[in-house]
Amino acid sequence: MKKIMVIGCPGSGKSTFSRALHKRTGIPLFHLDMMYWNADRTTVEKSVFRERLSSAIQKNEWIIDGNYGSTIELRLQACDTVVFLDYPQGICLDGIMERRGKARTDMPWIENENEEDEDFIEFVKSFNSQSRPKIIALLEKYSDKDIIVFKNRDEADDFLNQI
């Protein structure tokens, strides 16, 4: 477990899990959101994002948290371990509500998120029917990887406590 990707629905706690895993293992942590977004809430050019991601992937050890479907297969090819936070929609929606108004170290902007983004909420609501099947298909394609699937926060916490 040296090259780890952490994926799951927004609100599942990918960044929180990744920070805890980093703290326990010392493996360098990279957040895809930090690679993709600018501090002014605009996005970087695709070439810049891919360059940043490639730089991280070339390292001997890493934890990369985030989905970003356009690069998920690239990370699957490079990783040795996948952690999939495969939680029910309600847990993820609760996670989004719980982080509202709190500082986030996984995003490049300073101010807290206090507003509800309807498009984002709709994406979360459709994640299990739209994005999850694509993720499952890719995990089946890369079944040679160490794939760890958690169905709830207690399972993820138990795993972290055993490290």
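Give me Rg over Rh for the stretch 102-163, both radii from the alpha carbons and Rh done the Kirkwood way, two decimal places. Mind showing how you got there, number by number?
Details: Rg = 16.0 Å, Rh = 15.0 Å.
When Rh is taken as the Kirkwood radius, the ratio is 1.06.
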Using alpha carbons only: equivalent-ellipsoid semi-axes of the chain, gyration tensor based, whole Å: 22, 19, 17
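So if each residue of separation counts as 0.36 nm, and I subtract the Cα-Cα distance between residue 80 and residue 140, what length gain in nm does that give? Working shown, then result.
Numbers: separation 60, 0.36 × 60 = 21.60 nm, distance 1.43 nm.
Taking 0.36 nm per residue and subtracting the Cα distance, the gain is 20.2 nm.
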Rg(Cα) / (2.2 N^0.38 Å) computed for the stretch 13-77, rounded to two decimals: 1.11
Structure-based [θ]222 nm, the chain - -39500 (n - 2.57) summed over DSSP H runs of at least 4, per residue, nearest 500: -14000 deg cm²/dmol
Between residue 40 and residue 148, with labels modelled 7 Å along Cα→Cβ, what's the label distance in nm to one decimal, could you check? 4.0 nm
Say each of residue 119 and residue 104 gets a label point 7 Å from the Cα, pointing the same way as Cα to Cβ; how far apart are those two points in nm? 1.5 nm
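How high is the relative contact order of the stretch 42-163, given as a whole-number percent (alpha carbon pairs under 8 Å, six or more residues apart)?
On the way: 65 pairs, mean separation 44.2, N = 122.
Over the stretch 42-163, the number comes to 36 percent.
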Can you list the lysines whose alpha carbon sits under 26 Å from that of residue 141, skipping same-chain ones fewer than 8 residues off? 2, 3, 14, 46, 59, 125, 151
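Throughout, read-outs are computed from the coordinates displayed, never taken from laboratory work. Just so we're clear, the structure is a prediction, and the values are computed from it rather than from any experiment. A quick note on method: Cβ atoms are made from the backbone with ideal geometry, for glycine too, and the neighbour counts reach across all protein chains shown.
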